[in-house]
1. Would you mention how many residues in segment 261-283 are under 17 Å from LEU151 (Cβ atoms) and either touching a helix residue (DSSP H, G or I) at 6+ places or on another chain (Cβ under 7 Å) or within 16 Å of ligand 2 (Cβ to nearest atom) (or both)?
2. crowded, with 18+ Cβ neighbours inside 10 Å, in contact with a helix residue (DSSP H, G or I) (Cβ under 6 Å, 6 or more places away or on another chain) and under 24 Å from GLN287 (Cα atoms), is that true of TYR452?
3. Counting only residues that are away from ligand 1 (no atom under 12 Å from the Cβ) and of a type in the set (Gly, Ala, Ser), which one in segment 265-286 is surrounded by the most Cβ atoms within 10 Å (Cβ to Cβ)?
4. Among what's in segment 40-86 and is among the small types (Gly, Ala, Ser) and surrounded by 17 or more Cβ atoms within 10 Å (Cβ to Cβ), pick the residue that is farthest from GLY293 (Cα to Cα).
5. Across segment 138-169, what is the total count of residues that are in a loop (DSSP other than H, G, I, E, B), surrounded by 20 or more Cβ atoms within 10 Å (Cβ to Cβ) and out of contact with any Gly (no Cβ under 7 Å at 6 or more places or on another chain)?
6. Can you name the condition, by its number, that THR186 falls short on among (1) of a type outside the set (Asp, Glu); (2) closer than 23 Å to THR154 by Cβ; (3) away from ligand 2 (no atom under 16 Å from the Cβ)?
7. If you check LEU241, LEU204, which single one turns out to be over 19 Å from the mean Cα position of the chain (by Cα), within 13 Å of SER261 (Cα to Cα) and touching a residue at least 24 places away in the same chain (Cβ under 8 Å)?
8. Among (1) touching a helix residue (DSSP H, G or I) at 6+ places or on another chain (Cβ under 8 Å); (2) at positive phi, there is one condition GLY298 misses while meeting the rest; what is its number?
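Throughout, read-outs are computed from the coordinates displayed, never taken from laboratory work. Everything numeric here is computed off the predicted structure, so don't read it as measured data. Every residue, glycine as well, gets a Cβ built from its backbone with ideal geometry; the counts of neighbours run over all protein chains shown.
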Amino acid sequence: AGPCDIYASGNTPCVAAHSTTRSLYNAYSGPLYQVKRTSDGSTTDIQALSAGGVANAAAQDSFCGNTTCLISIIYDQSGRKNHLTQAPPGGAASGPQPGGYDDLAGATGAPVTLNGQKAYGVFVSPGTGYRNDGTNGIATGDQPEGMYAVLDGTHYNGACCFDYGNAETNNLDTGNGHMESIYYGTCTIWGTGAGNGPWLMADLENGLFSGSNPGQNTADPNLTNRFQTAIVKGEPHQWALRGANSASGSLSTYYSGARPSASGYDPMSKEGAIILGIGGDNSNSAQGTFYEGVMTSGYPSDATENSVQANIVAAKYAVSSLTSGPAVTVGSSISFRATTPGYDTRYLSHNGSAVNTQVVSSSSSTALKKAASWTVRTGLGNSGCVSFESNDTPGSYIRHNNFVLYVQAGDGSKQFNEDATFCPQAGLTQGNSIRSWNYPTRFFRHFANNGYIASDGGPHDFDNANSFNNDVSWVIGKSFA
Ligand code: AHR
Ligand code: AHR
């Protein structure tokens, strides 16, 4: 049985079921998600390898070969057509894409295995969001509902709001109690839990809640699991937060009891839209990773959820390699040669903090040779990827800020470390392409001889689709100095 078969036998059936990694019903053999490739804009649906099975990641890899892909639709497996698509602008924020839409997730940012078979999750960078404002069967008003999600417990930030669940149908903040969704991260604007977080909380609109007290509730634990099961459920005068390590063990109840002791949350005024990666008003500065999740009709029993957790454990989520292509070995001293015709004697280099490309050869000055030489380090923000330390300025690394590359001294902050983490993959035309860990739609690119992380088409001049594949393909060789 799948999670939704278990919810159905508990008389709290799924009314939305989203996953890019597996079928959530034993009998489901329809599409899990759609990917769109940037080379020609065409799309394809990714299905499970068999009914009830794991996604066919190989179909994605072959469709997306030598280009990049975005996750354009996350299909609803419940039959109610509650699909998730690119989120529109909202009251708090517009997205970076045309019309103020949010970004779509890159299709390869969150590789995992389930029972040894490769699949991809939904890696939400700041600016990314999915939504459905015209749903069928999702709870409204004070109706009971439940939801769970499997998340990457190590991918989060403190911004508002990495959510999955029930939100406003007009993309505006329409007041307290107009949302009921899972939140994951370290946002401290509203409620908090124990320690420094990250925490599972409920986004109930104008507040993230960890208990009935709208402030801190230390019974809500500081979470550290790589794979985190997150549960929020609510019914009249009652709600609960539950969680577990998705890879082993059983659920704990972090809170179960009365609605928050602030006005507007009892009764609730749920509206029934579905959001992923954003707040109710499209607050879109948060980050996180979603693998699977559902929303139910009715308040699931703890026993039903315990069986769902056992099902998740049996799916055997495990980490998978974030890199591919020619090896980029930690400890080696390297150079990056541009491969775009007309630019292929240029190497990634820097002048002070500015990253650029310069023509470098064996007869160049020692200073220039050093400026174009980098030492590969274990990724400062994720040990599955790498960072590049400047050979002429030890302790300084290549990082991006507003998508522009800089060489800056490491400051140990989470933001710096993540901005300085890159996942080399097989080059789109040759060599390696150097994917940004925290913005996996973006790669090292030279544009007008300066360094950026660029996407294949996008809001900045340096995202220009012309010459993209060549500009993001680098031959990595021995360093000059
Ligand atoms: O409740 C927290 C956030 O507050 C909601 O997600 C958003 O709609 C509002 O800004
Ligand atoms: O480069 C994109 C983002 O810009 C970085 O992650 C952050 O440091 C800055 O806001």
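1. 1
2. Yes.
3. Looking at residues that are away from ligand 1 (no atom under 12 Å from the Cβ) and of a type in the set (Gly, Ala, Ser), I get GLY272.
4. Taking the candidates together, the pick is ALA57.
5. So the count comes out to 1.
6. (3) is the only condition that THR186 fails.
7. Result: LEU204 is the single residue among LEU241, LEU204 that is over 19 Å from the mean Cα position of the chain (by Cα), within 13 Å of SER261 (Cα to Cα) and touching a residue at least 24 places away in the same chain (Cβ under 8 Å).
8. (1)
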